[in-house]
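To start, the structure itself, in structure tokens.
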Amino acid sequence: DYIGHIGKELTVGKDFAGDIYSMLIFDLPESITNVQPHQIEQWGKSLEELFDRGKQNIKNSYPLNISQHKFNDIAIWFIEGDHFFAPNIVFDLNNYPKLIGSKGSIVGIPHRHSIIIYPIENLEVVTAINQLIPAIYGMNEEGPGSISNNLFWYNGGQFENLPYKIEDNKLQFFPPQNFAEMVKTLSAKP
């Protein structure tokens, strides 16, 4: 909503995945404000250098609480923070091997304070998807600081949107072909 209000041209950012746009911000003592394009000209750094510095600053300055919980009989990782930057773990997932299954992970980024991750190892992922979509959707609606109600597949360092629709209290899931093919290779839960 914020980007729609001010326009991408007044930000320093890039499309991330699905409906998520990542951008550089100033975290000031009393507020958070976006970095504007004219402000970076004097820094003489590329967009990637600036993003790398921002990611490192978040990692060093804002601790995360990473915990595993049972969610309707499936093990889900929750990444939470009392700050606005818990979602930034998505830029560093490869450094958290316990959060990544052999076939990647299902990821939800509902709001600025938490991330939900389910590592994919077996066909239990089907149950996880059916349970996580309503949870992520509800958390996104509730906020605060809603980010996305999308579900993502993290695999090989990339995020891919896993489209779905909730209509008349029915969930419809529309997996991309590469995801559907991967699920066909999975075995039943041991």
Given the rule -39500 (n - 2.57) for each run of at least 4 DSSP H residues, summed and divided by the residues of the chain, what is its mean residue ellipticity at 222 nm, to the nearest 500 deg cm²/dmol? -8000 deg cm²/dmol
May I ask you to order 161-174, 79-92 by the average number of other C-beta atoms within 10 Å around their residues, highest value first? 79-92, 161-174
Accessible surface of R112 - all protein chains present, 1.4 Å probe, nearest 10 Å²: 70
Give me, ordered by chain and number, the residues 5 or more places off V12 or on other chains with an amide H under 5 Å from its own placed amide H. L24, V35
I want to check the label-to-label distance for H83 and K45. Put each point 7 Å from Cα in the C-beta direction and report it in nm to one decimal. 1.6
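With an 8 Å Cα cut-off and a minimum separation of 6 or more residues, compute the relative contact order for the chain in percent. If you can, show how the numbers build up before the last one.
Numbers: 285 pairs, mean separation 28.3, N = 190.
Answer for the chain is 15 percent.
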Residues T127 and I20, FRET efficiency given R0 of 25 Å [Cβ-Cβ distance, rounded to 0.05]: 0.50
Sort 54-62, 127-135 by the packing proxy (mean of other Cβ within 10 Å over each peptide's residues), most packed first. 127-135, 54-62
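Would you please put 98-109, 18-29 in order of how densely packed they are, using the mean number of other Cβ atoms within 10 angstrom per residue and starting with the highest?
Listed from highest to lowest mean packing, they are 98-109, 18-29.
Which whole number in µm²/s is D for the range 44-157 by Stokes-Einstein, with the Kirkwood Rh taken over Cα pairs at 25 °C and 0.890 mPa s?
Details: Rh = 14.6 Å.
Roughly 168 µm²/s, to the nearest whole number.
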Sequence order, the range 91-101: Karplus ³J(HN,Hα) from phi using 6.51 cos²θ - 1.76 cosθ + 1.60, θ = phi - 60°, Hz rounded, Gly and Pro as x, gives 7, 10, 4, 4, 8, 10, x, 5, 8, 10, x
Expressed in angstrom and rounded, the centroid-to-centroid distance over alpha carbons for the range 10-72 and the range 157-190 is 29
Carbon and sulfur: what percent of the chain's accessible surface (1.4 Å probe)? 49
Per residue, in Å², the accessible surface of the chain once ligands and nucleic acids are set aside, probe 1.4 Å: 57
So what's the net charge close to D52: Lys and Arg +1, Asp and Glu -1, counting the other residues with Cβ under 14 Å from its Cβ? +2
So I have (1) 57, 41, 32; (2) 56, 37, 31; (3) 49, 49, 33, and one of them is Cα extents along the principal axes in Å calculated from this model. Which one is it? (2)
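The values are calculated or read from the model by the stated rules, or taken from the named source; none is laboratory data. Small disclaimer: the values here were computed from a predicted structure and weren't measured. Don't worry about glycine lacking a Cβ; one is built from the backbone with ideal geometry, like all the others, and counts go over all protein chains shown. What goes into the accessible areas is simple: the full protein's heavy atoms, side chains included, and nothing from ligands, DNA or RNA. Shrake-Rupley method; radii C 1.70, N 1.55, O 1.52, S 1.80 Å.
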